[in-house]
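Engineer: Sending over a structure as structure tokens; questions will come in a sec.
The values are calculated or read from the model by the stated rules, or taken from the named source; none is laboratory data. The structure presented is a predicted model; accordingly, all values stated were derived computationally and were not measured. As a convention, Cβ positions derive from the backbone with ideal geometry for all residues, glycine included, and neighbour counts pool all protein chains shown.
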Amino acid sequence: MSAELNEWYEFNQETIEALLNDGSNAELPHSIEYHFASDNFDRLEKAAVDAFKAGFEVGDAEELVLDDGGTLFCFDAVIERPLTLEVINKDTDTLLAIADKHQVHYDGWGTYFVE
């Protein structure tokens, strides 16, 4: 396993534990938002197509102007999932492979507290 993948697995575990410790309901599905970014819109668009083909709902890309004047494009790949480590790690495998294939940045995931 690569060091980067291992770091994401640790992030997944810590994030899930924090949500569950705060009382998020593990019995209910969570809307998981996986984040991607790139300074190259064409690459990001190809990653979005692959994420869609992998079963994720893909939002429109947003354009951000950085403090240094550069431009960054980003999108979220969203899916309803149980808040379990095995499922989130599998998604991480899939989406990190897509990011690597298209040379875009995978920037982890987030979700909302579910009661």
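Engineer: Scan the stretch 93-108 for residues that are within 11 Å of the chain's Cα centre (by Cα) and among the charged types (D, E, K, R) and jot them down.
Structural biologist: Residues satisfying the conditions are D93, D107.
Engineer: Cβ contacts < 6 Å: first residue closer than 18 Å to A99 by Cβ and without any contact (Cβ under 8 Å) to a residue 40 or more places away in the chain, restricted to the stretch 59-76; second residue part of a strand (DSSP E or B) and of a type outside the set (A, V, I, L, M, F, W, C), any location; separation 6+ or different chain. Result?
Structural biologist: G59/D76; F73/S38; F73/E63; C74/E62
Engineer: While we're here: Does V49 satisfy being β-branched (V, I, T) and either over 13 Å from H102 (Cβ atoms) or at pLDDT below 95 (or both)?
Structural biologist: No; evaluated as a whole, the condition is false for this residue.
Engineer: Strands (runs of 3 or more DSSP E) wholly in the stretch 2-115 with at least 1 residues that are out of contact with any Cys (no Cβ under 8 Å at 6 or more places or on another chain) and surrounded by 17 or more Cβ atoms within 10 Å (Cβ to Cβ) - which ones?
Structural biologist: Of the strands (runs of 3 or more DSSP E) lying wholly inside the stretch 2-115, those with at least 1 residues that are out of contact with any Cys (no Cβ under 8 Å at 6 or more places or on another chain) and surrounded by 17 or more Cβ atoms within 10 Å (Cβ to Cβ) span 30-38, 71-81, 105-110.
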